[in-house]
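J.: This is the structure, below, for whatever I ask next.
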Amino acid sequence: MTARDLLHAIQSELAPRDDDNQLVPLIAAGRAPRAVFAAIAAEERWIVRSDWRSFHALAARTDEPRAREFFGGLAPGEQLALGKLDALAAAAGDDPGTELPRAGCQAYPAYFAWLALNGEAAEAAVAIFANFAAWGRYCATIATGMREHYGFADDACAFFDFFTTDAPEIEQQALTAIQAGLDAGRLDADRARTYARLFQSYELMFWNTLADEFPA
């Protein structure tokens, strides 16, 4: 099995659940309350800072240079994304939630932090990259909905725009890191599937926690 074969198989297994996201379709239709964007901005401030540290932890912990390059290359992106949240927060206003941050939203970065400390590097790379495409589609749909239905300016949409850009070099780094794990016999495909499924489940929990709090 090649890295591409494994990723394709796992992404195909995950794909049927991508549409379990209850919030993004509401935004796409302009039916979600505008206040949800303030909540997203507030929760993402916590998440992006945590994910930045998790990527650095994975890069520091692995002795595989190709995995280290992959994780180390993703960390600066989190820092850039964090800076783009200021405009979203300013445009959306204060988060109206009463219990902040929300446990249902922060379960995702908590799991990622666990994986950064406990997961085999190549298996973690599978889990992370297998969910990249869905995250990018969500962001693209949200950015379009923000402009079409809510009147947000480009700077307020920049956080989501950032994650919609194709990055073939990141894909190549992921494939190289995963292939290195396969070649070294350090990647258990079933465990990688489990990690990827949990990543997806916790991300869906983020969106659906907000969908429950901000119904159409």
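J.: Given Asn131, Phe55, Ile27, which one lies farthest toward the positive end of the charge dipole of the chain, if we put +1 on the Cβ of every Lys and Arg and -1 on the Cβ of every Asp and Glu?
T.: Positive-end residue among those listed: Phe55.
J.: Okay, moving on. Counting only trypsin sites (Lys or Arg not before Pro) that sit in a DSSP loop (anything but H, G, I, E, B) with at most 15 other Cβ atoms within 10 Å, what is the longest stretch of the chain containing none of them?
T.: Longest site-free region, per DSSP loop and neighbour criteria: 32-185.
J.: Here is a further query. Could you tell me which of rounded, prolate or oblate describes segment 166-216, using a ≥ b ≥ c as the square roots of the eigenvalues of the alpha-carbon gyration tensor, with rounded for a/c under 1.5 and, failing that, prolate when a/b is larger than b/c and oblate otherwise?
T.: oblate
J.: Work out how much length Arg49 to Ser12 would gain on full extension: take 0.36 nm times their residue separation and subtract the Cα-Cα distance, in nm to one decimal.
T.: Stretched fully, the Arg49-Ser12 segment lengthens by 10.3 nm.
J.: So if I restrict to the alpha-carbon atoms in segment 112-216, what is the Rg, and what is Dmax, the biggest pairwise distance, in Å?
T.: 16.5, 51
J.: Rounded to the nearest 0.05, what FRET efficiency is calculated for Arg186 and Ala110 with R0 set to 35 Å and r the Cβ-Cβ distance?
T.: 0.90
J.: Rolling a 1.4 angstrom probe over the protein heavy atoms, how many square angstrom per residue are accessible across the chain?
T.: Accessible area per residue, the chain: 45 Å².
J.: Which one, [x] 147; [y] 123; [z] 103, gives volume of the Cα convex hull per residue in Å³ as derived from the coordinates shown?
T.: Matching entry in [x] 147; [y] 123; [z] 103: [z].
J.: Which whole-number percent is the relative contact order of the chain (Cα, under 8 Å, 6+ apart)?
T.: Value for the chain: 36 percent.
J.: Rounded, prolate or oblate: which fits segment 1-94, taking a ≥ b ≥ c as square roots of the Cα gyration tensor eigenvalues, rounded meaning a/c under 1.5, else prolate when a/b beats b/c?
T.: Judged from the Cα gyration tensor, segment 1-94 comes out oblate (a/c at least 1.5, b/c at or above a/b).
J.: Would you mind checking segment 167-211 for residues with the amide N under 17 Å from a putative spin-label position 7 Å along Cα→C-beta of Arg31?
T.: 208-211
J.: Carbon and sulfur atoms: what percent of the 1.4 Å accessible area of segment 92-216 do they account for?
T.: On segment 92-216, the fraction of accessible area on carbon and sulfur atoms equals 51 percent.
J.: Here is a further query. Along Cα→Cβ, 7 Å out, is where each label goes; now give me the distance between the ones at Asp63 and Glu99 in nm to one decimal.
T.: The two pseudo-label positions are separated by 4.4 nm.
J.: Compare Met146, Met205 by solvent-accessible area with a 1.4 Å probe and give them largest first, with all protein chains kept in place.
T.: Met205, Met146
The values are calculated or read from the model by the stated rules, or taken from the named source; none is laboratory data. Note that the structure is predicted; figures quoted are calculated from it, not measured. Positions of Cβ are generated from backbone atoms using ideal geometry, with glycine treated the same way; all protein chains shown enter the neighbour counts. The protein model used for the area step is the full one, side chains on, heavy atoms only, and it has no ligands, DNA or RNA in it. Shrake-Rupley method; radii C 1.70, N 1.55, O 1.52, S 1.80 Å.
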